[in-house]
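Asker: Shown below is the structure under consideration.
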Amino acid sequence: MAAEHGGGDKPADVRVEAGSSAEPRGAAAATGGMSQEDCVAGIRSALQHPTVRFLRERMEKAGCQVWPRLIQAATCSTAGGYASGAGVKVCCNHMRFQDEINQVLIHELIHAYDDCVGKNLDWKNCAHHACSEIRANHLSGDCHYKRELLRGFMKIRGHEQDCVKRRALMSVRNNPYCSESSAKDAIEAVWDICYNDTRPFDRAP
């Protein structure tokens, strides 16, 4: 349910989430992914991942309320999601491997970091949402060329920026306040600033 660019007021009860894009992956959707038990164990393991620990430390240093209820295992339509005030969802039905849980958690924690340190961040604003999606896809490693090859995208030169834009668009256009055209416009408008904003990392991992 995408909002038309420049549309009127939206229902107050619509929750806008920043989500990890679930591109076609076949097996996970067909088999239902991981069991809840395996998924919870995978999330616990992911909490020890160096990048997850780094993000946690930086969030705590910034005064963000991180634990204990930030992360939940769930069954949902995308790989994962973050909702302001509700925390991070890892969608077990889309998870097959530990690496996928690690990636979703890193991606969503970048959204959580943005939500905390960006005091005026408004997820209903297409440009704000686009900026966080660009950062999350760029900084999480979602667009590493090996991951792109596994998704069936064979381009080598310039693949990373193409991937970041593609995956950011998939998420922003699902925002009920953003039409596809307004999502594209927002991504282009904030691209240079947000792609080069590597906080809390010194540079893109």
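The values are calculated or read from the model by the stated rules, or taken from the named source; none is laboratory data. Computed from a predicted model, the values in this text were never measured in an experiment. Every residue, glycine among them, receives a Cβ derived from its backbone with ideal geometry; neighbour counts consider all protein chains shown.
Asker: Sort out which residues of the stretch 80-120 are touching a Ser or Thr at 6+ places or on another chain (Cβ under 8 Å), among the hydrophobic types (A, V, I, L, M, F, W, C) and surrounded by fewer than 17 Cβ atoms within 10 Å (Cβ to Cβ), and write them in order of number.
Answerer: none
Asker: From 112, 83, grab the single residue that is among the aliphatic types (A, V, I, L, M), in contact with a strand residue (DSSP E or B) (Cβ under 6 Å, 6 or more places away or on another chain) and farther than 19 Å from residue 45 by Cα. Explain how you work it out, then say what you get.
Answerer: Numbers: 83 fails: in contact with a strand residue (DSSP E or B) (Cβ under 6 Å, 6 or more places away or on another chain).
The match here is 112.
Asker: While we're looking at this one, here's another question. Pick out, from the stretch 24-123, the strands (runs of 3 or more DSSP E) lying fully within it that include 1 or more residues that are among the charged types (D, E, K, R).
Answerer: Details: elements: 71-74, 80-83, 87-91.
The qualifying strands (runs of 3 or more DSSP E) are 87-91.
Asker: To continue, here is another question. Would you confirm whether any residue within the stretch 91-103 is more than 21 Å from residue 187 (Cα to Cα), among the β-branched types (Val, Ile, Thr), in contact with a helix residue (DSSP H, G or I) (Cβ under 7 Å, 6 or more places away or on another chain) and at pLDDT 95 or above? Before the answer, list the steps.
Answerer: We begin by selecting, within the stretch 91-103, every residue more than 21 Å from residue 187 (Cα to Cα); these are 91-103.
Imposing the further condition that a residue be among the β-branched types (Val, Ile, Thr) reduces the set to 101.
Next, only the ones that are in contact with a helix residue (DSSP H, G or I) (Cβ under 7 Å, 6 or more places away or on another chain) stay: 101.
Then keep just the ones that are at pLDDT 95 or above; that gives 101.
Checked against the condition, which is being more than 21 Å from residue 187 (Cα to Cα), among the β-branched types (Val, Ile, Thr), in contact with a helix residue (DSSP H, G or I) (Cβ under 7 Å, 6 or more places away or on another chain) and at pLDDT 95 or above, the stretch 91-103 yields at least one hit.
Asker: Would it be correct to say that residue 74 is more than 16 Å from residue 56 (Cβ to Cβ) and in the same structural domain as residue 33 (by TED's automatic domain parsing)? Spell out the reasoning first.
Answerer: Numbers: more than 16 Å from residue 56 (Cβ to Cβ): yes; in the same structural domain as residue 33 (by TED's automatic domain parsing): yes.
Criteria met by residue 74.
Asker: Which one of the conditions (1) at pLDDT 95 or above; (2) crowded, with 17+ Cβ neighbours inside 10 Å; (3) within 16 Å of the chain's Cα centre (by Cα) does residue 167 fail to meet, given that it meets all the rest?
Answerer: So the condition that residue 167 fails would be (1).
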